[in-house]
Amino acid sequence: MPAYGNFSVRLVYSSSHCALIVPDLAKYYKQENCFVFLRRHGKISLVNPTDFLKHLKEQSFYQNQLVHVERLGGRMVRYESLERPLLRPLVEAIQAGGTTRLYRHQAQAIDAIRAGHNVVVATGTASGKTLCYNLPVLEAALLNSNTRALYLFPTKALAQDQLRALTELTQRLKAAMPARNGMPPWLPRFGSYDGDTSPNSRTRLRREANIILTNPDMLHVGILPNHNLWAQFLKNLKFVVVDEAHIYRGVFGSHVAAVLRRLTRLCQLYGNQPRFICCSATIANPGDHIERLTGQRPLVVDDDGSPQAPKQFALWNPPFIDPKKTARRSPNGEAANLFAEMTRQEIRNITFTKARVVAELILSYARQALDRTDPDLKERIASYRAGYLPEQRREIEQALFQGQLIGVTATSALELGVDVGGLDATVSVGYPGTVASLWQQAGRAGRSNSSSLAIMVGLDNPLDQYFMRHPDQLFGRPHEHALIDPGNVYILEQHLPCAAHEQPLTPADESLFGRGFVEAMVKLEEQGIVTYESEHDKWYYRGRPYPAQHVSIRSVGSKPIVLVDSSRKMKRLEEMDEVSAFSRVHPGAVYMHQGDSYMVTELDLIKGQATLTPARVDYYTQPHERSEVNIVRSLKHRQMKLCTAFWGAVRVTQQVVGYRRVRQFSEADLGETPLEMPANTFETRALWWDVPIEWLKHLGARGWDFLGGLHAVEHAAIGLLPLFAMCDRWDIGGLSTPMHPDTERPQIFIYDGYPGGVGISEQGFALLTDLWEATLATIKECPCEEGCPSCIYSPKCGNNNEPLDKRAAIWILESLLRT
């Protein structure tokens, strides 16, 4: 064994990397299943995931939290050649960046794009999707300098990261291209076009850029309404790249679908039909999702040829803290222990949380723990969030990439495609909401040939606990469906005026905007926003100037509520629709904006403004809502064995009647505050089913509460529906009643929490039996006696979780599923 002296060097994964730094090390440690590093004072250690998990079991904080370890095998690389070679300078440019051959899916995507297809690439994290669009776009621009491409990213931060990657690629391309007649080679021009772009730069980019990187918000409010300034760009627009396309789901995705149809319409005005190149994480319905999003049927490329290193995925469930098994130890405390121990072992990791305040709490507690045992390590961990300035983010990314930092706590800002190099491990504090997001987080580690570790810490809610008890449903089931509704009338009522303002609408636009077009146009005519002129067979816009600026594409309501920061001269933070404002920015609510905590001091519905002030509080708030549901009409029905299930239109009346304060780190209940908020009524889509009235007697004879059973089934089913649809439990609502006035029968409703619906309840209707089975398993297998947050309690229940009857719920579900 060679001696290396008294120093600290961090080596990651590949033996070639080891050889570059310490040449003799590679021949001793050519192993694929180890975290490889030199410890302080020259001590050489090899730690593999199995050994680290065993090490965790020896720690004082361990109380059988490790409930499952899934061992995921690696995948061999598969290469493929293009049908036609790339231009030689492009080949040399990617070779200079370390790519000597294309993966199978990269070659298939590029061939399909060259052949003129719309394409969606749906492959795993770190599979090289960026090259799938950068190479054909750059090739087309090199062959024809008039070629234009529009790159859309869901966040400004991700656009900046991809701008950096494109800059590095074109710098290598420049080096590969010889000068002509003493002149430097011509290269495609590109730049970022967003709210921070100066007026001079905007003008230059419009005129000269071959590639513009932006986001859907800027496309909606800055580019499309000013399309006359973009005429040459739109006329020559050959490619529209939609990256991280799985992010565009629910309300946001339905809005973006309307924006992309407006873009297509204007390109057609200028005699053009661009192709869509979309990249997505692995989801169950990539082709259908992209067709709904863009209006164009894509060719699906999902045969991932990239190599995948072995991974161990551990499920970590906080232990109970009471004899009745109704409460668990804080998941944030568990994550802090894991984060600190990984730091002690110098295992490079990212610990993902859902909010910045949680990320900083975990960082704080981990630093306190390290201060007692390894004080020299506490400065080698940091937090990372979207709100940082670009230079701060770059600094943290580079420190993590180079090994100066061992670990960071982060919100979802690092979930998307930011390159921080090969890491050893990830920790997800709670299920992030979708399988796609979970795998994106886990995919941040193991980006080479070495084994990696992912740990998910379970929260005290039905879905997390379902996965803790049914790991096969996490690792063995198909990915969820991404759901959007491009025909949502409420959303079309906002975008059709924008489209008419850009170019008068015609009957032919119905084929582009879909089934909600006619109903939305009738409403807009009645309101005088558009007028029909029969001599031209067109609808003309007659509303207030510049309608796009009055439409927020990240909310559904037509009346926006602007959130302002009172500490910064009422600086505008963001906006949301009025429907969401009642439950999210009511007086006293703690609101998170870019990871920062704010206290809502006033909600003025007349002014359309919520006033917030920065607040460093150690709790969050949960609204309590009461709901009424009236059936408008059934659109689908299914006859089940003992009941009938329906899906259709309902009218929901919601009222926030109070809120609860919950301590961030311990989840302790800090008390309830009553509120008197106005009721809000809207039409949406719902799933509902009846329950035989005779069951009231059967349950009563056993001494069980019939309404408590219905109520418990409703709560647990709402908590489990995100298992089948890409949504959050806060996106859906419900109602249970022993006698509904519209049917005169016991009913359970689950409805989309947005006007018009976005497809969530429809997916539940299609998979209702699966939903019942998962709900039954969650309630029945929970070790509590009478119900708890892990099974039948709901954090947003307006009735304070009363009545609830766990035994009655089990009996009802078993009866519904009885064959």
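What relative contact order, as a whole-number percentage, does the stretch 69-213 give when Cα pairs under 8 Å and 6 or more residues apart are counted?
The value is 25 percent.
What is the sum of charges around Asp460, taking Lys and Arg as +1, Asp and Glu as -1, for the other residues whose C-beta is under 9 Å from the C-beta of Asp460?
For residues surrounding Asp460, the net value is -1.
Among the lysines, select those whose C-alpha is under 28 Å from the C-alpha of Lys311, and discard any that sit fewer than 8 residues away in the same chain.
Lys27, Lys30, Lys43, Lys54, Lys57, Lys129, Lys354, Lys378
With the full set of protein chains in place, find how many percent of the accessible area of the chain is carbon and sulfur; take the probe as 1.4 Å.
Within the chain, the accessible surface is 48 percent carbon and sulfur.
Under 12 Å from the Cα of Lys607, which aspartates and glutamates turn up, not counting those fewer than eight places away in the same chain?
Leaving aside aspartates and glutamates fewer than 8 places away in the same chain, those within reach of Lys607 are Glu578.
Can you show me the helix-derived [θ] at 222 nm for the chain, built from DSSP H runs with n ≥ 4 at -39,500 (n - 2.57) apiece and divided by the number of residues, rounded to the nearest 500.
Calculated at 222 nm, the ellipticity per residue is -10000 deg cm²/dmol.
Which value, in Å³ per residue, describes the convex hull spanned by the Cα atoms of the chain?
179 Å³
Mind giving me the nanometre distance, one decimal, between the label points for Asp604 and Trp186, set 7 Å out from Cα along Cα→Cβ?
5.6 nm
Multiply the residue separation of Glu781 and Asp51 by 0.36 nm, subtract the distance between their alpha-carbon atoms, and state the gained length in nm to one decimal.
259.7 nm
List the lysines whose Cα lies under 26 Å from the Cα of Lys235, skipping any in the same chain that are fewer than 8 positions away.
Lys156, Lys538
Binning at 10 Å from 0, report for the stretch 548-642 what percent of all alpha-carbon pair distances ends up in each bin.
For the stretch 548-642, the pair-distance distribution reads 14, 39, 25, 11, 9, 2, 0.
Of the peptides 121-130, 627-636, 196-205, how do they stack up when ordered by the mean number of other Cβ atoms within 10 Å, highest first?
121-130, 627-636, 196-205
How large are Rg and Dmax for the stretch 474-621 when only the alpha carbon atoms are used, in Å?
19.6, 64
Explain nothing, just the number: relative contact order of the chain, from Cα pairs under 8 Å at least 6 residues apart, as a whole percent.
Over the chain, the number comes to 11 percent.
What is the list of residues in the stretch 64-95 whose amide nitrogen lies under 19 Å from a point 7 angstrom out from the Cα of Asp472, following Cα to Cβ?
Output list for this probe position: 67-73.
Which percent of Cα-Cα pairs in the stretch 126-265 sits in each 10 Å bin, short to long?
11, 42, 35, 10, 2, 0
Please give the net charge around Arg329, taking every other residue with its beta carbon less than 10 angstrom from that of Arg329, where Lys and Arg add +1 and Asp and Glu add -1.
Local charge sum for Arg329: -2.
Would you please name the GluC sites (Glu not before Pro) within the stretch 457-553 that are DSSP coil residues with at most 11 other C-beta atoms within 10 Å of their C-beta? Numbers along the way, then the final one.
On the way: sites: Glu480, Glu493, Glu502, Glu510, Glu519, Glu525, Glu526, Glu533, Glu535; in loops: Glu480, Glu535.
Loop-located and lightly packed - Glu535.
Hey, can you find the accessible area per residue of the stretch 674-819 for me, probe 1.4 Å, expressed in square angstrom?
Details: 5190 Å² over 146 residues.
Result: 36 Å² of accessible area for each residue.
Restricting things to alpha carbons, tell me how big the stretch 445-487 is in terms of Rg and Dmax, in Å.
Calculated on Cα positions, Rg and Dmax stand at 15.0, 46 Å.
Applying a 10 Å radius around every beta-carbon, put 352-362, 802-812 in order of their mean neighbour count, most first.
So the order, starting with the most tightly packed, is 352-362, 802-812.
Sum up the charges of everything whose Cβ sits under 13 Å from the Cβ of His289, counting Lys and Arg as +1 and Asp and Glu as -1, but leave His289 out. Mind dumping the intermediate values first?
On the way: positive: Arg249, Arg292, Arg297; negative: Glu244, Asp288, Glu291, Asp302, Glu480, Asp485.
Result for the local shell: -3.
Considering only DSSP beta bridges whose two residues both sit in the chain, what percent are antiparallel, to the nearest 5?
Antiparallel bridges: around 60 percent, rounded to the nearest 5.
Compute the FRET efficiency between Glu379 and Ser60 as 1/(1 + (r/R0)^6), taking r as their Cβ-Cβ distance and R0 = 35 Å, and round to the nearest 0.05.
The value I calculate is 0.90.
Quickly rank 211-221, 372-382 as a protection proxy: mean count of other C-beta atoms within 10 Å, highest first.
211-221, 372-382
Might you work out the accessible area of Leu299 for me, using a 1.4 Å probe with all protein chains in place, and round it to the nearest 10 Å²?
Estimated to the nearest 10 Å², Leu299 gives 80 Å².
Give a residue-ordered list of calculated ³J(HN,Hα) values for the stretch 303-312 (Karplus: 6.51 cos²θ - 1.76 cosθ + 1.60, θ = phi - 60°; whole Hz; x for Gly, Pro).
Whole-Hz 3J(HN,Hα) from phi for the stretch 303-312: 8, 5, x, 6, x, 10, 6, x, 9, 10.
The values are calculated or read from the model by the stated rules, or taken from the named source; none is laboratory data. Everything quoted here is computed from the prediction, not taken from an experiment. Using ideal geometry, Cβ is built from the backbone for each residue, glycine included, and neighbour counts are taken over all protein chains shown. With ligands, DNA and RNA removed, areas are computed over all heavy atoms of the protein, side chains included. Shrake-Rupley method; radii C 1.70, N 1.55, O 1.52, S 1.80 Å.
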